[in-house]
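The values are calculated or read from the model by the stated rules, or taken from the named source; none is laboratory data. For clarity, every value in this text was computed on a predicted model and none was experimentally measured. Cβ placement follows ideal geometry from the backbone for every residue including glycine, while neighbour counts extend to all protein chains displayed. In case anyone asks, the SASA skips ligands and DNA or RNA and just uses the protein heavy atoms, side chains included. Shrake-Rupley method; radii C 1.70, N 1.55, O 1.52, S 1.80 Å.
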Amino acid sequence: MTYRELLLEAAHSFSSSETPFLDAVLLLASSLGLPKEKILAMLPDRADHVPQSFYDMVGRRRRGESIAHIRGFREFFGREFLVDDSVLSPRQDTEALVEAALESGDAQVAASGAGEKSGQLSVLDMCTGTGAVAISIAAERPQWRVTASDVSSAALKIAAQNARRLLQSSQVHFIESDLFSGIEGRFDLIAANPPYVSHAQAERLVDDGWKDPLLALDGGADGMKFIRAIILEGSKFLSQNGVLLLEMDPLQIPEALILFEKEGFCDIRTWKDLGGRTRVAGAHHG
Ligand code: GLN
């Protein structure tokens, strides 16, 4: 049997995956400790040395566990983040939130002129989970002061590990906080990917084998509980002309835009994810 046949056989059993062959390649790469490009080059070779760990991982994937949780890390914005069952594994959709944060922050720095802030923006990433958003921003803009918060101490532990692995120094400051309850001061930029799935849907996803914790998905009856709370309270934690950016389900965008307007925000706009769906809404505190 060749590696190609081995992987096709495994892929065939991943009926619920949209990328079954790639999944199988990634699992073999991880069990052999090789990069995925090496595996692709080996496809025509005889599969003589297949570790038991590969078959174990294939079994877990077949039962619906995500590739990220099986391998223990997930790629996001060009970096690898550790994940476990205590955090939401970062999705590609959320890269739109990082793009929006970099763009909005750069615009603020440019508008404030060279002297005043000298590129020193203060940023808060709420509901940080693995730290993916905060760490990506800090890595891309090392001169910005980045704080990250989460209600879950288990998530903050993973986020701190990710920061140690991926950043030069302790560039991100972590705070345990239920939304704004433990947050002090004002920020030039607040970004958040809060739980935004409706309670019923979140329970269904977890029952279906999603390994993300319910806490990281469940946004209350209509999924809008945290988005609403962050827009209502956000102004108190934003500096003059500061920007609030929120990731949400594309169907939640219209309600969020109305809330921003009601709360007196201005320059309200949206960003699309890689799939072309409107995924992030943001506005300036007037
Ligand atoms: N992005 C996840 C989804 O597609 C939801 C994550 C969240 O609630 N923040 O369902």
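Here is a check on your reading of the model: is Gly182 assigned to a loop (DSSP other than H, G, I, E, B), modelled with pLDDT of 95 or more, within 11 Å of the ligand (Cβ to nearest atom) and in contact with a strand residue (DSSP E or B) (Cβ under 7 Å, 6 or more places away or on another chain)?
Taking the combined requirement at face value, the residue does not satisfy it.
Considering only the stretch 13-47, state which residues are closer than 14 Å to Met57 by Cα, of a type outside the set (S, T, N, Q) and in contact (Cβ under 8 Å) with a residue 40 or more places away in the chain.
Phe14, Asp23, Leu26, Leu27
Picking from Arg145, Arg79, Arg141, Arg164, which residue would you name as being open to solvent by 30 Å² or more (accessible area, probe 1.4 Å) and closer than 30 Å to Ala10 by Cα?
None of the others qualify; the one that does is Arg79.
In the stretch 120-139, is there at least one residue being out of contact with any strand residue (DSSP E or B) (no Cβ under 9 Å at 6 or more places or on another chain) and more than 16 Å from the ligand (Cβ to nearest atom)?
Scanning the stretch 120-139 turns up no residue that is out of contact with any strand residue (DSSP E or B) (no Cβ under 9 Å at 6 or more places or on another chain) and more than 16 Å from the ligand (Cβ to nearest atom).
Does the stretch 59-67 contain at least one residue that is within 16 Å of the ligand (Cβ to nearest atom) and surrounded by 19 or more Cβ atoms within 10 Å (Cβ to Cβ)?
Looking for residues that are within 16 Å of the ligand (Cβ to nearest atom) and surrounded by 19 or more Cβ atoms within 10 Å (Cβ to Cβ), one finds at least one in the stretch 59-67, hence yes.
This table checks each residue for (1) modelled with pLDDT under 95; (2) among the aromatic types (Phe, Trp, Tyr); (3) within 17 Å of the chain's Cα centre (by Cα).
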residue	(1), (2), (3)
Trp210	yes, yes, yes
Asp218	no, no, yes
Ala221	no, no, no
Ala229	no, no, no
Leu232	no, no, no
Phe237	no, yes, no
Gly242	no, no, no
Asp249	no, no, yes
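Just checking, does the stretch 88-105 include any residue being outside any loop (DSSP other than H, G, I, E, B), of a type outside the set (Asp, Glu), more than 16 Å from the ligand (Cβ to nearest atom) and open to solvent by 40 Å² or more (accessible area, probe 1.4 Å)?
The answer is no; no qualifying residue exists.
Answer yes or no as to whether Asp267 is part of a loop (DSSP other than H, G, I, E, B) and open to solvent by 60 Å² or more (accessible area, probe 1.4 Å).
For Asp267, the condition - part of a loop (DSSP other than H, G, I, E, B) and open to solvent by 60 Å² or more (accessible area, probe 1.4 Å) - is not met.
If you go through the stretch 271-283, how many residues are open to solvent by less than 50 Å² (accessible area, probe 1.4 Å), assigned to a strand (DSSP E or B) and more than 16 Å from Arg228 (Cα to Cα)?
Looking only at that region, the number is 2.
Within the stretch 1-32, take every residue that is under 25 Å from the mean Cα position of the chain (by Cα) and assigned to a loop (DSSP other than H, G, I, E, B) and give me the one that is surrounded by the fewest Cβ atoms within 10 Å (Cβ to Cβ).
Selected residue: Glu18.
I'd like the residue in the stretch 226-236 that is in contact with a helix residue (DSSP H, G or I) (Cβ under 9 Å, 6 or more places away or on another chain) and open to solvent by 10 Å² or more (accessible area, probe 1.4 Å) and, out of all such residues, is nearest to Glu263 (Cα to Cα).
Going through the qualifying residues, I end up with Leu232.
Which residue is surrounded by the fewest Cβ atoms within 10 Å (Cβ to Cβ), if the candidates are limited to the stretch 193-225 and must be near the ligand (Cβ under 9 Å from one of its atoms) and not in a loop (DSSP other than H, G, I, E, B)?
Step one: of the stretch 193-225, the residues near the ligand (Cβ under 9 Å from one of its atoms) are 193-197, 201-202, 205, 210, 212, 216-219, 223.
From the residues that got through so far, the ones that are not in a loop (DSSP other than H, G, I, E, B) too are 197, 201-202, 205, 216-218.
Values: Val197: 21, Gln201: 14, Ala202: 23, Leu205: 16, Ala216: 24, Leu217: 20, Asp218: 22.
By that ranking, first place goes to Gln201.
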